[in-house]
Amino acid sequence: MHFRSLLPLIFIVAAAVFCSDLPVSARSESLRSSSFSVALETLQKHLNYDFQHIGLLRRAMTHSSYSEENNKALSVLGESIIEASASLRFMTKDVDISSKDLNNRIAELSKVETSCAVDGMRLGLQNVVRVSSNTNSSTSSVVCGAFRAIFGAIALDTGKSDDAGDVFFVVHGGAGSAFSM
């Protein structure tokens, strides 16, 4: 066996030994200082929500082009939570709202090109979501998918869809134009 073929193995072993000699707090600090981790911490501050299980937020900020472990299912859950929370709020304001008006208001709130992408861009998700090198993280569908996935992740983190809906309304602006009667 040639020495050159052993170099990668030697490097891995040396790195493992070096990291294992670091105190846990130093290893944690090193992991936290990655740009993605810093972005996730900043995002949590903008959401005014701290994840108990940060892996859920990591997944929410991972596009399917980047990894098989991605935000697709969280996005579906998040969209359902947004729609259910909006329906509840609209109907609380006006129990006699027609099904057509209710559907139109929910559709307006969920449009990728408008509300969803605007809210996501305002949070800076285009700068946080992980995508493959040939995927544009600023497209409406990528930003909107990540935005919706946040609320699916919050629901899983707390075990309550109402908590996710409450965070959505704070981020969206609560009584903003989409919710005025």
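Read-outs: derived from the displayed coordinates by stated rules, not from any lab. Remember, it's a predicted structure, so these values are computed and weren't measured experimentally. Cβ sites come from the backbone with ideal geometry, for glycine too, and all protein chains shown count toward neighbours.
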Exercise for the section: At 0.36 nm per residue, minus the direct Cα-Cα distance, what do S65 and L88 gain on full extension? Give it in nm, one decimal, please. Expected result: 4.9 nm
Problem - Residues with amide H under 5 Å from that of R130, placed H, sequence gap 5 or more - result: T62, H63
Handout entry: For E69, E79, order by how many other beta-carbon atoms lie within 10 Å, fewest first
Key = E69, E79
Handout entry: Net charge, T158 excluded, C-beta distance under 14 Å - Lys, Arg +1, Asp, Glu -1
Key = -4
Handout entry: Proximal charge balance of D50 [Cβ under 10 Å; K/R count +1, D/E count -1]
Key = -1
Fill in the blank from the handout: Working note, region 35-179: Cα radius of gyration (Å, one decimal) and Dmax (Å, whole number) are 14.8, 49
